[in-house]
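The values are calculated or read from the model by the stated rules, or taken from the named source; none is laboratory data. These numbers were taken from a predicted model, which means no experiment stands behind them. A quick note on method: Cβ atoms are made from the backbone with ideal geometry, for glycine too, and the neighbour counts reach across all protein chains shown. Accessible surface areas use protein heavy atoms only, side chains included; no ligands, DNA or RNA. Shrake-Rupley method; radii C 1.70, N 1.55, O 1.52, S 1.80 Å.
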Amino acid sequence: MTKYSSEFKVKLVNEYFDGQISILGLSKKYGMPSKSPIYRWVHEAEANGLNYLIRQIL
């Protein structure tokens with residue numbers, strides 16, 4: 001089982017892509033203990049598209 005849902009991952013990545021908030025800001029906003037997962041999700045989405053984050057857990 002994954003810790004974060006695909007919907008949550010896509011939501012955070014989209015917020016970051018909108019350019020209004022940093023990765024650190026997102027981790028604080030959502031109470032995440034580390035910014036590392038968000039950083040990884042953003043880079044995966046940049047390299048492979050947002051659908052990659054959804055297909056990863058299917």
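Table: residues versus (1) part of a helix (DSSP H, G or I); (2) in contact with a helix residue (DSSP H, G or I) (Cβ under 9 Å, 6 or more places away or on another chain); (3) basic (Lys, Arg).
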| site | (1), (2), (3) |
| --- | --- |
| Phe8 | yes, no, no |
| Lys11 | yes, no, yes |
| Gln20 | no, no, no |
| Lys28 | yes, no, yes |
| Ser34 | no, yes, no |
| Ala47 | yes, no, no |
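Failed condition for Asn51, given (1) touching a Lys or Arg at 6+ places or on another chain (Cβ under 6 Å); (2) open to solvent by 40 Å² or more (accessible area, probe 1.4 Å), with all others met?
Looking at each condition in turn, Asn51 falls short on (1).
Among the numbered criteria (1) open to solvent by 60 Å² or more (accessible area, probe 1.4 Å); (2) of a type in the set (A, V, I, L, M, F, W, C); (3) touching a residue at least 12 places away in the same chain (Cβ under 8 Å), which one does Leu12 miss?
Tallying (1) open to solvent by 60 Å² or more (accessible area, probe 1.4 Å); (2) of a type in the set (A, V, I, L, M, F, W, C); (3) touching a residue at least 12 places away in the same chain (Cβ under 8 Å), Leu12 fails exactly one: (1).
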